[in-house]
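*Asks:* Just passing along the structure, written as structure tokens.
The values are calculated or read from the model by the stated rules, or taken from the named source; none is laboratory data. Values in this document were obtained by computation on a predicted structure and should not be read as measured data. All Cβ positions, even for glycine, are placed from backbone atoms using ideal geometry, and neighbour counts span all protein chains on display. For the accessible areas, the whole protein counts, side chains as well, though only heavy atoms, and no ligand, DNA or RNA atoms are used. Shrake-Rupley method; radii C 1.70, N 1.55, O 1.52, S 1.80 Å.
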Amino acid sequence: MKKNLLQKPFLTITETAIYLEITQPTVYGYIKRGELKVIRLSFKYLLKKGDIDELFNNPTEFHTPTKEKAPITDFYTTAEVKEKYHVNESGYLQ
């Protein structure tokens with residue numbers, strides 16, 4: 001089937017996923033982020049194969065997003081936990 005896709009100027013979401021060997025939700029992610037343009041015809045979404053190929057002609061550098069952890073500033077004693085959350089000793093000393 002992939003050979004047939006090479007000849008087509010427009011691809012559906014499913015065909016795009018097969019062509020790129022990725023999942024359909026990943027294709028939707030590219031569309032949502034604006035990395036791929038989509039044309040809607042009735043109930044079908046079509047992507048220009050040229051736009052898909054262009055995505056790989058201008059790759060962006062991949063960075064893993066890092067989130068800085070907030071330091072823990074609040075601490076509770078056992079007595080405070082029992083009072084605040086109405087927990088008896090048998091609930092946390094097992």
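*Asks:* Can you tell me which condition E89 does not meet? The list is (1) surrounded by 10 or more Cβ atoms within 10 Å (Cβ to Cβ); (2) touching a helix residue (DSSP H, G or I) at 6+ places or on another chain (Cβ under 8 Å), and all the others hold.
*Replies:* Condition not satisfied by E89: (1).
*Asks:* Looking only at residues that are of a type in the set (D, E, K, R) and without any contact (Cβ under 8 Å) to a residue 24 or more places away in the chain in region 28-59, which one is surrounded by the most Cβ atoms within 10 Å (Cβ to Cβ)?
*Replies:* Quick first cut of region 28-59, residues of a type in the set (D, E, K, R) only: 32-33, 35, 37, 40, 44, 48-49, 51, 53-54.
When the remaining residues are screened for being without any contact (Cβ under 8 Å) to a residue 24 or more places away in the chain, the result is 32-33, 35, 37, 40, 51, 53-54.
On the way: K32: 11, R33: 8, E35: 12, K37: 13, R40: 8, D51: 16, D53: 10, E54: 12.
In this case the residue turns out to be D51.
*Asks:* In region 60-85, which residue that is under 18 Å from the mean Cα position of the chain (by Cα) and farther than 30 Å from L6 by Cβ is most open to solvent (accessible area, probe 1.4 Å)?
*Replies:* If we filter region 60-85 for residues that are under 18 Å from the mean Cα position of the chain (by Cα), which is where we start, we get 60-67.
In the following step, the residues that additionally are farther than 30 Å from L6 by Cβ were identified as 63-67.
Numbers: H63: 128, T64: 99, P65: 116, T66: 128, K67: 185 Å².
That would be K67.
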